[in-house]
Amino acid sequence: MESPVNQYFRAMGQALDGLDTFLREDDSPLYQHDLIGAVVSNYLGRLRGSFTSWENRIAYADRFQISRAESGFPGFRNVLELENDRQTAKGRLKTMPGEDDLREEMIDFIMRKKKFPTQLQKSLAERSYLSSVLKQKHFSPLVLPRTIRVSVNPKSGRPFYVVHWGYFDGSANLPLVYMAVIEDSGSDIVNMLVNNKGKFNKKVKIPLPVDGLLNPKLAHQFDDFCEKNSSYSLTLSTIASSMDKDFVSLHPKQLRRFVLGPFYHAGITEHGHLVEEILAKVRKPEDSWLMTWTMQEIYSISETPAKWGLFGGEPARNQYYINTDDVDCARQGVSAFLRNALVPHESYQAIYASGRADEIFDGYQKNIVSGNQILRNM
């Protein structure tokens, strides 16, 4: 029988695969919005890499923490340990015997001692883990920004970038993905990217995607900003306004945040008693889960022009729209948001049979995994 931890890894793998299928379908609601689905799928790949490495790690390490009472995702300590192992793996592998040498030692130990070489097995598992860490991409505490699109806004005459970055929030234990549309009024950038007709200068060849913000003078500062201002506890209005204030020549016009989780699993998590009680009745442990995610968005509705004089002045400032007619939008500090839930067909049947489906899915778009397809809005 599988251990609870192995059941958790299998269920999480099913959930990530199901969500990836949802995102990659041509008629996915996210795929129709500036390829958000393609960007988020990339981060799901990083999460899979992290879970593969964590699963390899528990073959020799005794500790693995899951945020059972909050998000249902691994605790932040696991994320930090994995990042540290990624940075030190090469050096540690150089100090360890080779894989073939360890296997020979294990055979020799068994022949001489007539016992199983537990410690040598752990050393072999650790070596395999460190080797796999070097091959995988992971969802690190901060996945540095990347520019994936560059164009010119014909109304403002400014170049704009589409930039994304990832952040694993250590307090909420949730993986977050950010996407921003940012105009740049810096004179060097405008002169380079905008031609005399106010359009994008096609003579400038930019090999997208580009690591970091495209503006090299602000790239490191922008990395620092993302590291310090991507917490889940910060509203999008706060993040966008802070970016607008901290960078005189950058003008964020739209900011989106994809919040993955919470994740619910019968027998593992403890933060959704009603959901988990129903999921416990599902026959297969790998199908007794429910994944939720939220897409938040804020956008600028106007810009106050810059005012400069002999004794200083004020740079341009954006005014962001918060939908105060919607209580949840006002509370979250966003223009709009959408909540989704993904659940295996067998688990959905159990929830529906309980008579509590309306209560559990209240405010969520329902998406059911059925074989290799996703049934939406059931």
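Taking the Cα centre of the stretch 236-378 as the origin, how large is its charge dipole in debye, to the nearest 20, when only Lys and Arg (+1) and Asp and Glu (-1) carry charge on their Cβ atoms?
Computed about the Cα centre, the dipole is about 320 debye.
Too long at a 29 Å Cα-Cα cut-off: which of Lys135/Lys284; Lys197/Lys217; Lys228/Lys253; Lys197/Lys253; Lys199/Lys307; Lys199/Lys245? Kindly include the intermediate steps, with their values, before the conclusion.
On the way: Lys135/Lys284 32 Å; Lys197/Lys217 26 Å; Lys228/Lys253 20 Å; Lys197/Lys253 23 Å; Lys199/Lys307 25 Å; Lys199/Lys245 27 Å.
From Lys135/Lys284; Lys197/Lys217; Lys228/Lys253; Lys197/Lys253; Lys199/Lys307; Lys199/Lys245, over 29 Å: Lys135/Lys284.
In whole Hz, with x marking every Gly and Pro, tabulate ³J(HN,Hα) for the stretch 315-328 from phi via Karplus 6.51 cos²θ - 1.76 cosθ + 1.60, θ = phi - 60°.
Listing the rounded values in order: x, 4, 10, 8, 10, 9, 8, 10, 6, 6, 6, 10, 4, 5 Hz.
Write down, largest first, the equivalent ellipsoid semi-axes of the stretch 169-300 in whole Å, where each equals the square root of 5 times an eigenvalue of the alpha-carbon gyration tensor. Write down the numbers at each step before the final one.
On the way: eigenvalues 352, 52, 29 Å².
Taking √(5λ) for each Cα gyration eigenvalue gives 42, 16, 12 Å.
Using only the Cα atoms of the chain, what do you get for the radius of gyration and for Dmax, in Å?
Values for the chain (Cα only, Rg and Dmax): 24.2, 88 Å.
Could you work out which residue, out of Ser230, Ser131, Ser187, moves most in a Gaussian network model of the chain, that is, has the largest mean-square fluctuation with Cα springs under 10 Å?
Ser187
Once you have all Cα-Cα distances for the stretch 73-221, histogram them in 5 Å bins from zero and send the whole-percent values.
Reading the bins upward from 0: 2, 8, 13, 12, 11, 10, 9, 9, 8, 6, 4, 4, 3, 2, 1, 0, 0.
Using a 10 Å cut-off around each Cβ, can you sort Lys137, Lys155 from fewest to most neighbouring Cβ atoms?
Details: Lys137 15, Lys155 7.
Ordered from fewest to most neighbouring Cβ atoms within 10 Å, Lys137, Lys155 come out as Lys155, Lys137.
For the stretch 236-336, with equal point scatterers placed on the C-alpha atoms only and solvent neglected, what are the log10 I(q)/I(0) values from the Debye formula at q = 0.22 1/Å, to two decimals?
With one equal scatterer per Cα and no solvent, log10 I(q)/I(0) is -1.03.
Over all distinct alpha-carbon pairs, what is the Kirkwood Rh of the stretch 331-378 in angstrom? Intermediate results must be reported in sequence, preceding the final value.
Working: mean 1/r = 0.0850 Å⁻¹.
It works out to 11.8 Å.
Filter the trypsin sites (Lys or Arg not before Pro) in the stretch 211-297 down to the DSSP loop ones having no more than 12 other Cβ atoms within 10 Å, then list what survives. Can you show the working numbers first?
Values: sites: Lys217, Lys228, Lys245, Lys253, Arg256, Arg257, Lys281, Arg283; in loops: Lys217, Lys281, Arg283.
Counting only loop positions with at most 12 other Cβ atoms within 10 Å, the trypsin sites (Lys or Arg not before Pro) in the stretch 211-297 are Lys217, Arg283.
Counting each pair of different Cα atoms once, what's the Kirkwood radius of the stretch 53-135 in Å, rounded to one decimal? Don't skip to the answer; put the middle values down first.
Details: mean 1/r = 0.0708 Å⁻¹.
One decimal place: 14.1 Å for the Kirkwood radius.
Using 0.36 nm per residue, how much length does the chain from Glu105 to Lys90 gain when fully extended, once their Cα-Cα distance is taken away?
Details: separation 15, 0.36 × 15 = 5.40 nm, distance 2.24 nm.
3.2 nm is the gain from fully extending Glu105 to Lys90.
Suppose every K and R has +1 on its Cβ and every D and E has -1 on its Cβ; what is the size of the dipole of the stretch 225-311 about the Cα centre, in Debye to the nearest 20? Write down the numbers at each step before the final one.
Details: 9 positive and 10 negative charges, 47 e Å.
In total the dipole reaches around 220 debye.
If you take every DSSP beta bridge fully contained in the chain, what fraction is antiparallel? Give it as a percent rounded to 5. Walk me through the intermediate numbers first.
Values: 58 of 64 bridges.
Of all bridge pairs located within the chain, approximately 90 percent are antiparallel.
Going by how many other Cβ atoms sit within 10 Å of their own, how do Val150, Val275, Val248 line up, fewest first? Numbers along the way, then the final one.
Numbers: Val150 19, Val275 25, Val248 13.
In increasing order of surrounding Cβ atoms, one gets Val248, Val150, Val275.
Skipping prolines and chain starts, which residues have an amide H placed within reach, meaning under 5 Å, of the one on Lys253, given they are 5 or more residues away or on another chain?
Val181, Ile182, Glu183
Among Leu134, Phe51, Ser288, pick out the residue whose Cα is farthest towards the positive end of the charge dipole of the chain, where Lys and Arg carry +1 and Asp and Glu carry -1 on C-beta, about the Cα centre.
So the residue furthest toward the plus end is Leu134.
What are the residues whose amide H is under 5 Å from the amide H of Gln365, where those residues sit 5 or more places off or on another chain and H is modelled from the backbone?
Arg339, Asn340, Ala341
Would you calculate the separation in nanometres between label points at Leu338 and Ile206, each defined as 7 Å from the Cα along the Cα-to-beta-carbon direction?
Inter-label distance under the simple model: 2.6 nm.
Just grab the label-to-label distance for Ser128 and Glu270, each label 7 Å out from Cα along the Cβ direction, in nm (one decimal).
Going by the 7 Å Cα→Cβ label model, 3.2 nm.
Based on the Cβ-Cβ distance from Arg331 to Leu375, what FRET efficiency comes out when R0 is 45 Å, to the nearest 0.05? If you can, show how the numbers build up before the last one.
Working: r = 31 Å, r/R0 = 0.68.
My answer for the efficiency is 0.90.
Counting only residues 5 or more places away or on other chains, whose amide H sits under 5 Å from the amide H of Arg317 once H atoms are built in the peptide plane?
Here Thr304 satisfy the definition.
Please determine, in degrees from 0 to 90 and to the nearest 10, the orientation of helix 118-135 with respect to the longest principal axis defined by the Cα atoms of the chain, where the helix direction is its Cα long axis.
The two axes meet at around 20 degrees.
Build a GNM of the chain with springs between Cα atoms under 10 Å: which of Asp17, Asp246, Asp223 gets the top mean-square fluctuation?
The residue that fluctuates most here is Asp246.
How far is the Cα center of the stretch 92-139 from the Cα center of the stretch 334-378, in Å?
44 Å
Read the figures in this text as sums done on the coordinates, not as results from a lab. In this text, all values refer to a predicted model and were calculated from it rather than measured experimentally. Using ideal geometry, Cβ is built from the backbone for each residue, glycine included, and neighbour counts are taken over all protein chains shown.
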